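Let me begin by presenting the structure, written as structure tokens, before commenting on it.
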Ligand code: ADP
Ligand code: MG
Ligand code: MG
């Protein structure tokens with residue numbers, strides 16, 4: 001299932017490549033679509049003949065590949081996130097609780113590397129609410145498909161919530177108040193990542 005998730009992310013990145021680039025053109029340097037596309041193209045190649053022994057292996061490989069192929073801020077940030085999630089998943093399968101723990105590890109890794117807090121107009125504004133929504137839904141007894149659908153919705157809402165914010169981290173912060181009124185590209189790609197997971201879990 002994890003490899004299917006990664007393939008679904010790669011497909012979503014290609015589909016939304018221009019959108020990610022346009023969002024980054026408004027408040028950054030217009031390369032987020034290209035960065036994500038380069039990274040996930042390399043990830044697909046790296047996973048091609050890869051024999052994972054745990055669920056986490058695929059995620060660690062994904063993270064390492066993103067780190068070594070994506071030059072922008074998003075490469076190390078997504079790289080560390082996927083690596084941290086992967087390192088938390090050491091079994092042949094993952095329970096919903098283990099998935100939640102892995103996503104908490106990913107959030108902590110992004111926070112540690114990027115030093116952003118909620119509301120700084122970054123990928124964290126989609127990631128953190130998605131993990132909270134997933135945890136909440138599982139706690140309430142939802143099945144995994146419903147819980148991940150909630151997480152994807154929370155990530156999309158989180159990405160949308162960055163529009164009125166002023167960026168306080170990353171390249172967009174150089175614009176100061178002129179960063180207001182645009183959706184954060186990294187929060188948008190994070191929403192794609194959760195929507196891809198929802199699609200894979202639902203099938
Ligand atoms: P670059 O800004 O180097 O060109 P990208 O365009 O690929 O890199 O990625 C930009 C995205 O990275 C932003 O939209 C934001 O979501 C995310 N980002 C940048 N800095 C940080 C940070 N310190 N913490 C969390 N996310 C960040
Ligand atoms: Mg950029
Ligand atoms: Mg750049």
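Just so you know, all these numbers are worked out from the coordinates, no wet-lab data involved. Here the structure is a predicted model, which is why all the values come from computation and not from measurement. FYI the Cβ positions are ideal-geometry reconstructions off the backbone, even for glycines, and counts take in every protein chain you see.
Give the calculated FRET efficiency between residue 178 and residue 98 to the nearest 0.05, with a Förster radius of 41 Å applied to their Cβ-Cβ distance.
0.45
Just the Kirkwood number for region 162-203, please: inverse of mean 1/r across all distinct Cα pairs, in Å, one decimal.
Values: mean 1/r = 0.0874 Å⁻¹.
Kirkwood hydrodynamic radius for region 162-203: 11.4 Å.
Just want the ordering: 36, 67, 1, from fewest to most Cβ atoms lying within 10 Å of their own Cβ. Display every interim value, and only then the final one.
Details: 36 32, 67 17, 1 13.
So the residues, fewest neighbours to most, are 1, 67, 36.
222 nm [θ] for the chain, helices only, -39500 (n - 2.57) per DSSP H run of 4+, per residue, to 500?
-23000 deg cm²/dmol
Nearest 10 degrees is fine. How inclined is helix 96-114 to the longest principal axis of the chain, computing both from alpha carbons?
Relative to the chain, helix 96-114 is tipped by roughly 30 degrees.
Per the Cauchy relation, a quarter of the hull surface: what is the mean projected area of the convex hull of the alpha carbons in region 16-59, in nm²?
3.7 nm²
Counting C-alpha atoms alone, how compact is region 126-203: give Rg to one decimal and Dmax as a whole number, in angstrom.
14.1, 44
Can you compute log10 of I(q)/I(0) for region 61-159 with the Debye formula, treating each Cα as one identical point scatterer, at q = 0.16, 0.23 Å⁻¹?
Treating every Cα as an identical point scatterer, log10 I(q)/I(0) equals -0.68, -1.22.
Label points 7 Å out from Cα along the Cβ direction at residue 136 and residue 113: separation in nm?
My value for the distance between the label points is 2.7 nm.
What is the helix-to-structure angle for 2-15, meaning the angle in degrees between its Cα long axis and the longest Cα principal axis of the chain, kept from 0 to 90 and rounded to the nearest 10?
Approximately 30 degrees, to the nearest 10.
Relative to the present Cα-Cα distance, how much length would full extension add between residue 202 and residue 48 at 0.36 nm per residue of separation?
Once the chain is fully extended between residue 202 and residue 48, it gains 53.0 nm.
Taking the number of other C-beta atoms within 10 Å as the exposure measure, put 179, 189 in order starting with the fewest.
Result, fewest neighbours first: 179, 189.
Give me the mean projected area, in nm² to one decimal, of the convex hull enclosing the Cα positions of the chain.
Numbers: hull surface 39.1 nm².
The Cα convex hull of the chain, projected and averaged over all directions, gives 9.8 nm².
Compute the distance in nm between two label points, each set 7 Å from the Cα along the Cα-to-Cβ direction, one at residue 11 and one at residue 145.
1.7 nm
Which FRET efficiency value, to the nearest 0.05, is calculated for residue 4 and residue 25 with the Förster distance at 41 angstrom and r the Cβ-Cβ distance? Kindly include the intermediate steps, with their values, before the conclusion.
Details: r = 31 Å, r/R0 = 0.77.
Working from the Cβ atoms, E equals 0.85.
Based only on other Cβ atoms within 10 Å, what is the fewest-to-most ordering of 111, 80?
Exposure proxy ranking, most exposed first: 111, 80.
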